[in-house]
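Input: a single structure, listed below in structure tokens.
The values are calculated or read from the model by the stated rules, or taken from the named source; none is laboratory data. Everything quoted here is computed from the prediction, not taken from an experiment. Cβ sites come from the backbone with ideal geometry, for glycine too, and all protein chains shown count toward neighbours. Accessible surface areas use protein heavy atoms only, side chains included; no ligands, DNA or RNA. Shrake-Rupley method; radii C 1.70, N 1.55, O 1.52, S 1.80 Å.
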Amino acid sequence: MFGARRKTGHNPRNMSAADVVSNDFQKARSRILVAILVLLSAIALIAVVRSVMLDLDRRSNALHSHVENGFMSVSSMSDGPYVVTHVAFHSDGEGSKVWAALPQTVAVVDSAGASFSVKGLKWTDIGGRPANEPDLDRCVAVYQRAEYSVPRLPSGP
């Protein structure tokens with residue numbers, strides 16, 4: 001015939017029933033594999049986002065300390081309340097872990113923070129023995145986020 005082109009590829013009319021089933025099975029398997037990959041990608045994305053959010057939450061709920069000229073400044077990205085009771089020094093060696101109790105507890109109630117002297121504190125090593133004052137510029141505040149509840153006023157007349 002003039003101008004007729006021959007089509008390439010398979011002709012579904014000439015395929016056996018087994019070939020049709022096999023072809024359909026391969027298509028279904030490919031779709032399932034794509035769905036599994038999409039699901040695994042979504043789970044990985046959720047895990048990464050959750051990790052970042054937890055890290056941001058941890059940082060915003062942390063109290064940061066800095067020592068300069070014998071005074072420690074503590075502040076947070078969020079409001080407190082935090083209670084600072086001790087100052088600690090930790091370096092690489094086991095014997096270089098020392099701490100000192102503050103003479104008065106310091107309350108940090110907002111993001112502005114607080115400042116207090118760390119000079120002249122009585123330092124104790126991890127064995128409970130008196131220790132020399134460490135490099136104060138490398139000390140950190142030991143704190144606890146205070147949990148409190150506001151009493152509710154009675155309702156009604």
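Observations
- Qualifying residue in region 72-82 (condition: modelled with pLDDT of 80 or more and either more than 26 Å from the chain's Cα centre (by Cα) or open to solvent by 50 Å² or more (accessible area, probe 1.4 Å) (or both)): yes
- Residue satisfying all of: in region 50-71; within 14 Å of Ser111 (Cβ to Cβ) and either modelled with pLDDT under 70 or among the charged types (D, E, K, R) (or both); least open to solvent (accessible area, probe 1.4 Å) among these: Ser60
- Subset of region 1-20 that is open to solvent by 100 Å² or more (accessible area, probe 1.4 Å) and in a helix (DSSP H, G or I) - its residue that is modelled with the highest pLDDT: Asn14
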